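The values are calculated or read from the model by the stated rules, or taken from the named source; none is laboratory data. Bear in mind the structure is a predicted one, so any value in this text is a computation, not a measurement. Cβ placement follows ideal geometry from the backbone for every residue including glycine, while neighbour counts extend to all protein chains displayed.
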Amino acid sequence: MKICFPVATDDGLASKVYNHFGSAQRFIVVDTETGATLSINNGDKQHTHGACSPLRALAGNPIDAVVVGGIGAGALTMLNRAQIRVFCSQAATVGENVDLFKSGAFQEIAPQTCGGHSHGHGCAH
């Protein structure tokens, strides 16, 4: 499975998961089967609020899931429509989250539960 993480800087598996999917400086994609990582510059980080285009930001790189510190409802909906599953980060770093993901510790975010702006949903921006 290929999992994408928004990050501010590429520190490999030690990268801290960024708190807002759309405005992250970079994405790190981890292949959970091989351990390989890919760093992608977020070319869509300067979008206006509500106008994030996550698939354009990921530049056509195939991914199966996204683990986020926070995400808006629009981006969440677009990712779900593209059959990309979205999960809330459960730890500070990419590597810690990969280990937790492999253990089955994640629940998928439904569009209505992560509408954003710190309203108590547990995964807001």
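Could you list, in sequence order, the residues of region 77-95 that are farther than 19 Å from I40 by Cβ and in contact with a helix residue (DSSP H, G or I) (Cβ under 8 Å, 6 or more places away or on another chain)? Residues satisfying the conditions are T77, N80, Q90, A91. Considering only residues in region 80-94 that are of a type in the set (A, V, I, L, M) and buried (at least 19 other Cβ atoms within 10 Å of the Cβ), the one that is nearest to P6 (Cα to Cα) turns out to be V94. Filtering Q83, Q107, Q90, Q46 for residues that are modelled with pLDDT under 70 and among the polar types (S, T, N, Q) leaves a single hit, Q46.
For region 49-60, give me each residue that is modelled with pLDDT of 70 or more and within 13 Å of the chain's Cα centre (by Cα). Result: L55, A57, L58. Applying the set (1) hydroxyl-bearing (S, T, Y); (2) surrounded by 17 or more Cβ atoms within 10 Å (Cβ to Cβ); (3) modelled with pLDDT of 85 or more to T34 leaves exactly one unmet item: (2).
Among the residues of region 13-31, just one is surrounded by 19 or more Cβ atoms within 10 Å (Cβ to Cβ), at pLDDT 95 or above and not hydrophobic (A, V, I, L, M, F, W, C), namely S15.
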